[in-house]
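Peer 1: Pasting a structure here, questions to come.
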Amino acid sequence: MGSVFRSEEMCLVQLFLQSGSAYDCISELGEMGLVEFRDLNPSVNSFQRRFVSEIKRCEEMERILGYLLREIRKANIAVPEDDEICPVAPPPKHVLEIMVGLRCCLSCKNNIPLGCRFVSGLIHRVKVEAFERMLWRVCKGYTILSYAELGESLADLDTGEISTNVVFLISFWGDQIGQKVQKICDCYHCHLYPHPENDEERADVMDSLRTRIQDLNNVLHRTEEYLRQVLQKASESAFTWVVQVKKMKAIYHILNLCSFDVTNKCLIAEVWCPVNDLTNLRGALEEGSVSDATVPSFVNRIPSNDTPPTLLRTNKFTSGFQSIVEAYGVGDYREVSPAPYTIITFPFLFAVMFGDLGHGMVMACFALWMVLTEKSHKRKRSDNEIWTMFFEGRYIILMMGLFSVYTGLIYNDCFSKSLNIFGSGWSVRAMFTDQQWTNETLQTNTLLILDPNVSGVFVGPYPFGIDPIWNMAVNRLSFLNSYKMKMSVIIGVMHMSFGVVLSVFNHLHFKQRFNIYLLFLPEFLFLMCLFGYLVFMIIYKWLAFGARDSRLAPSILIHFINMFLMQGGDNTPLYPGQVGVFLVVVALLSVPVLLLGKPVYLYWLHRGGKIRAVVFQSSLLPFYLVNVLYIFQFDFGDVFLHQAIHTIEYCLGCISNTASYLRLWALSLAHARKDRTHYTFKRMTSRLGVLFLVPVFSLFAVLTVSILLVMEGLSAFLHALRLHWVEFQNKFYHGTGIKFAPFDFSALPSVFEQDGLL
């Protein structure tokens, strides 16, 4: 079988990576998503591993990126994302450049003069450099010094000397910094200018302050523009930085899972890899290795007794159905997968319960709209969990809608009305021609019975589905009740039988042929001799008895009960030479074979005249065979107890599971009755007049969507899910495996996406 029907064959591989090229090799593997890494340092604390400092550096860059993204979001600037062009993980030597770029953006964002204070004055030209240097050292960069030379020389008021002066303006934050600035100015004999005292000077200062306020407003406006330009520039690279930092952090985390050899020059990693991808794995290592490396990176396949993970490749169509299967449990390694068959059986069983042409078309159109617009919806990344759930299952909904259209045509039901496409096979004219009905008959009887034994009344069966005349019949419910109940039993027995047959492929693949004779055959005989025979009787009765002798047909239920009681009774036989009692005996004899066959056979292998070894073709070690001697691991008590539980569960399960499929009949009738009730309500209210037509139709549409489509659809979905998990998959599917989780950059979660920043 291919990988669609069975999980991929896996192997355990050692990777020997040169220290200089390990980062690039892991990066190539992350881009391709081929392997799942194992932790070779389980006893080492996370804070004591080799690349902890690099991971902390990545977390620091993530913190800065988060701050920038929040500021970009406050400024209502969109972060452009290009899903087609995904940046690769940067080399370690370029990490410093990203760090510098982030810090530059952060410093530009933080250098905004809001809430600052000022000190102004004069200082000698020769002291400016030392003054500026002292301010920087003492205040540690928390001051901004602006100065300009005066156009003329001034005389010192204390000494009378003529000197060239410079006017300066110091901007600072905080009282402590202001005290330090004041002391430094006093140390360099700066002339500080306090507030003037007289009115004229105050008026001059006020004029100058107004001018200064205007200048500061201009400065603030330009600063805001500059800040927006900085954020706009940062937004262009933000997505690239986020992806690169995420990939870097993931690479260093994987490197922490590796171990070093004794020379400390080579990293050793152990990975699970699909056998079909070994060539791609070697190619990725060659691509990531340094060209002039003295010791190239290489792959070494090693044997292992550990259970490999399960890998089933899917696409956007099959992933939804695979999720349904894995919700029950991840399949065992190399076990038959139910997903390919679920693609057909799941929407079909849903449609049996939801069969309506109109409802199916509405559901299919909704799903088709999601499929056609899936690219735009993926780019939007909605946070609504309910919408995301519907969108992820769009192909499942599409298949359920299409199958509901099919079963709606079979039931001939469209919004509780029948469609007369091919013309009814029943004719009323023949009843008058044969003098069965007269005008007096029409006047005196409220109900009339069409007799199919009258020539010309029943021409033949409807070409496709149920005849539309049954929509007018009073006994319509009785007819559909019998028809859908028998149909549910037939579908259920076929579905369970198919599950039992699939177990054969597991027995053949794992080289356990004795299970075919000691497990599969008793199980299949028990199911077929009882419930397979029930299906045969239903079909035989449909074919053998017509309209003329239908009253002579025996009851299948009574016949089935008498078969278990091994009594013929006085009932009319269904067919001559009935073998019901013989089949019951065969079914009863298969139970002890199922109970004792496998334990006794294994006990004979262990204690028999020939002490033999059971040889299994190991799927874990494809290069050689593994001899498993039961003398070392066989325990008859454990095997017998396990087989006894399996036998009781299977025999009782065949009865309960067959009865469980009657939910197909019950939900189908319930859906049809609710639909008919809504339609009857619409007809009653529409008689009130044209004014009530629009609100009545709107109410009918709302009830149809909310109750019949959403609620009834969810109910049918859950019941179909149960039929697959319990009645079908437990016949061959264990679901106790471990899912393959490859190291793949595209599957890594992003903290910024979770916080809604991207």
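Peer 1: Just subtract the alpha-carbon distance of Thr279 and Val219 from 0.36 nm times their residue separation and send over the number in nm, one decimal.
Peer 2: 15.4 nm
Peer 1: Listed highest first by mean packing, meaning other Cβ atoms within 10 Å per residue, what order do 526-533, 654-661, 667-674 come in?
Peer 2: So the order, starting with the most tightly packed, is 526-533, 667-674, 654-661.
Peer 1: What distance in nm lies between label points placed 7 Å from Cα along the C-beta direction at Phe298 and Asp755?
Peer 2: 4.6
Peer 1: Separate question: Given points 7 Å out from each Cα along the Cα-Cβ axis, report the Thr446 to Ser382 separation in nanometres with one decimal.
Peer 2: Computed distance between label sites Thr446 and Ser382 equals 5.1 nm.
Peer 1: With axes computed from alpha carbons, what is the tilt in degrees of helix 636-660 against the longest principal axis of the chain, rounded to the nearest 10 within 0 to 90?
Peer 2: 80
Peer 1: What's the angle, to the nearest 10 degrees (0 to 90), between helix 339-354's Cα axis and the longest principal axis of the chain?
Peer 2: Approximately 70 degrees, to the nearest 10.
Peer 1: Here are a few candidate values for semi-axes √(5λ) of the Cα gyration tensor in Å: [x] 45, 37, 22; [y] 47, 32, 27; [z] 79, 44, 18. Which one was actually calculated from the structure I just gave you?
Peer 2: Comparing each candidate, only [z] matches the computed number.
Peer 1: Right, something else. Once you charge only the Cβ atoms, +1 for Lys and Arg and -1 for Asp and Glu, what is the size of the charge dipole of the chain about its Cα centre, to the nearest 20 debye?
Peer 2: It comes to approximately 2760 debye.
Peer 1: Could I have the simple spin-label model distance between Ala148 and Glu81, label points 7 Å from Cα toward Cβ, reported in nm to one decimal?
Peer 2: 4.8
Peer 1: Could you rank the peptides 165-171, 492-498, 581-587, 241-247 by their average count of other C-beta atoms within 10 Å per residue, with the highest value first? The partial results should precede the final answer.
Peer 2: Values: 165-171: 18.1, 492-498: 20.0, 581-587: 15.9, 241-247: 22.3.
Descending packing order for the listed peptides: 241-247, 492-498, 165-171, 581-587.
Peer 1: Give, in nm to one decimal, the length gained when the segment between Thr433 and Val167 is fully stretched (0.36 nm per residue of separation minus the Cα-Cα distance).
Peer 2: 83.4 nm
Peer 1: For the chain, take the longest principal axis of its alpha carbons; what is the angle in degrees between that and the long axis of helix 319-328, to the nearest 10 within 0 to 90?
Peer 2: 80
Every read-out reported here was derived from the displayed coordinates using simple, explicitly stated rules and does not represent laboratory data. What you are looking at is a predicted structure, and each value in this text was computed from that prediction instead of being measured. Note that we place each Cβ from the backbone using ideal geometry, even for glycine, and neighbour counts take in every protein chain shown.
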